Amino acid sequence: MPPIAAPRGTNDLLPDASSAWRWLHETHARVVESFGYRLVDSPIFEHTELFERGVGTSTDVVEKQMYTFTDRGGRSLTLRPEGTAGVLRAVMAGNALAEVRPARVHYAGPMFRSERPQKGRYHQFQQVGIECIGERAAELDVEVIEAGWRFITALGLADVDIQVNSLGDLEDRQRFREALLAYYRPLADRLCDDCRRRLEVNPLRLLDCKRDAAPAAAAPLITDSLSATSAAYFDDVLSGLRAAGIAATLNPRLVRGLDYYAHTAFEYWHGSLQGSQNALGGGGRYDGLAEVLGFASTPATGYALGVERLLLVARQMATVPPSPPACEAVVCSVEPPQAAIAADLARQLREAGLRVVLDALDRKLDRKLRAADRLGASAAVIVGEDEARDGMATVRDLRQRTQRRVGVAGLVAAVRATLASPVAG
RNA sequence: GUGGCCAUAGCUCAGCUGGUUAGAGUGCCAGGUUGUGGCCCUGGAGGUCGAGGGUUCAAAUCCCUCUGGCCACCCCA
């Protein structure tokens, strides 16, 4: 019988990988908390309706990418395909806005989409994100874009390309959609299959056809359809970005098709990401979402970033810090009779706050010291027959290859001193 | 969901147009005499060649199906 494999499109995080993840999550929390964002967590599954309404029934995500199941009460539940809808629901349901407005929250966790897996795209993937809920103001859009940019920069990823656009409000977009259709309909015969489908389903997507860029070149731009108010709002965002010293590329073809999106839309691009996965993540203003979910109309803005993609680039750029060693010290017995003493010394060191591995296995000391090396320990505590008899322990500095014998009472101090000693070479 | 490439030891890979007991490096375990490591030497364990079926005297090698990975597209993080 073949061993059971991991399900398709999932990843196991073994220790080296998970330390990279911890680094990323801690960096994200540190950066966005410096902007006053606080951590929230919402369920990994929700009522299917939340995503049908919150992501949009006609989108691919909802049409064919959701992991949906029926629970024992006959309710339809879905593993979350994205974070915003659930976090917004949680914040609104918890009435957090009654306390502080806007509410600034961040989150991190797994999302699920059953798309064909590829590098940087999985069935279960992780996102980190922030949401700023409760006010419509250009400066908040700028704040969100800046926070994401600072985070990516803190990971050591240079050359991030921020793409921004404005989708205007609902009326602007309606007007634009008509202009777009008026332009594209006469060209229908010359469009690729995908684009003919987009013409019906999601006209805004026509603009970034990858097969034939020619039709889009002369197409109308949303920026030309913006009302004076919307245009002014967008100008405020752009000048805010400039004032914050953030270089952003104006991209009039950057779109989001859903009705509850409004005004600012943006993506973080990185040159080393190829083809269809050029974005590290993106975000924008979604003033209409709360209402769609049945809550009081509430403006909001936020971003979501793909952890696998960030790490893909970080590994490529070699900015991921090395995994910390498993422990600081290894306690080795020399022969089986000293095993109990060694275990006791290990316990004392742990109680003093050190990270300690006990090696009381029945094998030769040289193997134990070699294993201690591989664990990355800086110190070894050796207990043999002599030490046991005299109530002593040998504390060895594995980096400097020096050692001294100390009384058991002075062990913690001696190990601490060894760990604090400078690394040779 | 559509199309293409791929799948050999824990890891990285070799194995010519089908031919006997499938190899290397690395890692792992052990030994190089008495309780001292990152190097070196020696030995050992570990693979039903992704799974199932077919062609053949003979399949890791050819054919089909499935599973998984990668790439392009759709879409997205």
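All C-alpha pair distances within the stretch A:133-219, sorted into 10 Å bins from zero, spread as 14, 33, 24, 24, 5 percent across the bins.
Think of each Lys and Arg Cβ as +1 and each Asp and Glu Cβ as -1; about the Cα centre, that makes the dipole of the stretch A:60-191 roughly 660 debye. Residues whose amide H lies under 5 Å from that of A:Gln126, counting only those 5 or more places away or on a different chain, are A:Met111, A:Val307, A:Glu308; hydrogens are built 1.01 Å from N in the peptide plane. The residues neighbouring A:Gly156, those whose beta-carbon lies less than 13 Å from its own, together hold a net charge of +1 under the Lys/Arg +1, Asp/Glu -1 convention.
When the Gaussian network model of chain A links Cα atoms closer than 10 Å, the mean-square fluctuations of A:Arg101, A:Arg401, A:Arg197 top out at A:Arg401. Inter-label distance, A:Ala413 to A:Ile44: 4.9 nm, where each label sits 7 Å from its Cα along the C-beta direction. Largest accessible area first, the residues A:Val415, A:Val320 order themselves as A:Val320, A:Val415 under a 1.4 Å probe with ligands, DNA and RNA left out. Each of A:Ile4 and A:Arg177 was given a label point 7 Å from its Cα along the Cα-to-Cβ line. The distance between the two points is 4.7 nm. Figure note: A:Thr57, A:Thr27 ranked by solvent-accessible area, largest first, 1.4 Å probe, ligands and nucleic acids not counted: A:Thr57, A:Thr27. With the helix formula -39500 (n - 2.57) applied to DSSP H stretches of n ≥ 4, chain A reaches a computed 222 nm mean residue ellipticity of -11000 deg cm²/dmol. Were the residues from A:Asp12 through A:Gln403 laid out at 0.36 nm apart, the gain over their Cα-Cα distance would be 136.8 nm. Note on chain A: dipole from Cβ charges, positive end direction compared against A:Thr249, A:Ser114, A:Ala5; the farthest Cα belongs to A:Ala5. Assuming charge only on the beta carbon of Lys and Arg (+1) and of Asp and Glu (-1), the dipole of the stretch A:131-205 about its Cα centre is about 560 debye to the nearest 20. In chain A, Cα pairs under 8 Å separated by at least six residues give a relative contact order of 14 percent.
Once you charge only the Cβ atoms, +1 for Lys and Arg and -1 for Asp and Glu, what is the size of the charge dipole of the stretch A:15-86 about its Cα centre, to the nearest 20 debye?
120
A DSSP coil position with no more than 12 other Cβ atoms inside 10 Å describes the following trypsin sites (Lys or Arg not before Pro) in the stretch A:24-122: A:Arg72, A:Arg75, A:Lys119. Between A:Arg196 and A:Trp21, residue separation times 0.36 nm minus the direct Cα-Cα distance comes to 58.9 nm.
Gain on full extension, evaluated as 0.36 nm per residue between A:Tyr67 and A:Ala154 minus their Cα-Cα distance, stands at 28.0 nm. Given a 10 angstrom Cα cut-off, can you work out which residue in A:Pro324, A:Pro110, A:Pro81 is the most mobile in a GNM of chain A? Its mean-square fluctuation being the largest, the pick is A:Pro324.
Short-range pairs are left out: with C-alpha atoms under 8 Å and at least six residues apart, the relative contact order of the stretch A:33-121 is 38 percent.
GNM remark for chain A: springs join alpha carbons under 10 Å apart, and the peak mean-square fluctuation among A:Ile341, A:Ile133, A:Ile246 falls on A:Ile341. Just to check, using Stokes-Einstein with a Kirkwood Rh over alpha carbon pairs, what's the diffusion coefficient of chain A at 4 °C and 1.567 mPa s in µm²/s? Answer from the Stokes-Einstein relation: 51 µm²/s.
Our analysis of the stretch A:109-182 gives Rg over Rh at 1.06, with the two radii drawn from alpha carbon positions and Rh computed by the Kirkwood formula. According to the Cα-based calculation, Rg over Rh for the stretch A:329-419 is 0.91, with Rh computed by the Kirkwood formula. In order along the stretch A:141-150, the Karplus-derived 3J(HN,Hα) couplings, from 6.51 cos²θ - 1.76 cosθ + 1.60 at θ = phi - 60°, round to 4, 4, 4, 5, 4, 5, 4, x, 5, 5 Hz, and Gly and Pro are given as x. A cut-off under 15 angstrom between Cβ atoms defines the neighbours of A:Ala417, and their net charge, with Lys, Arg +1 and Asp, Glu -1, is +3. Applying the criteria of a DSSP loop state and at most 16 other Cβ atoms within 10 Å to the GluC sites (Glu not before Pro) of the stretch A:115-204 yields A:Glu115, A:Glu135. Any idea which of A:Val412, A:Ala393, A:Ala342 is furthest toward the positive side of the dipole for the stretch A:329-419, if Lys and Arg beta-carbons carry +1 and Asp and Glu beta-carbons -1? Farthest towards the positive end: A:Val412.
The values are calculated or read from the model by the stated rules, or taken from the named source; none is laboratory data. Computed from a predicted structure; not experimentally measured. Don't worry about glycine lacking a Cβ; one is built from the backbone with ideal geometry, like all the others, and counts go over all protein chains shown. Only protein heavy atoms, including side chains, enter the accessible area calculation; ligands, DNA and RNA are left aside. Shrake-Rupley method; radii C 1.70, N 1.55, O 1.52, S 1.80 Å.
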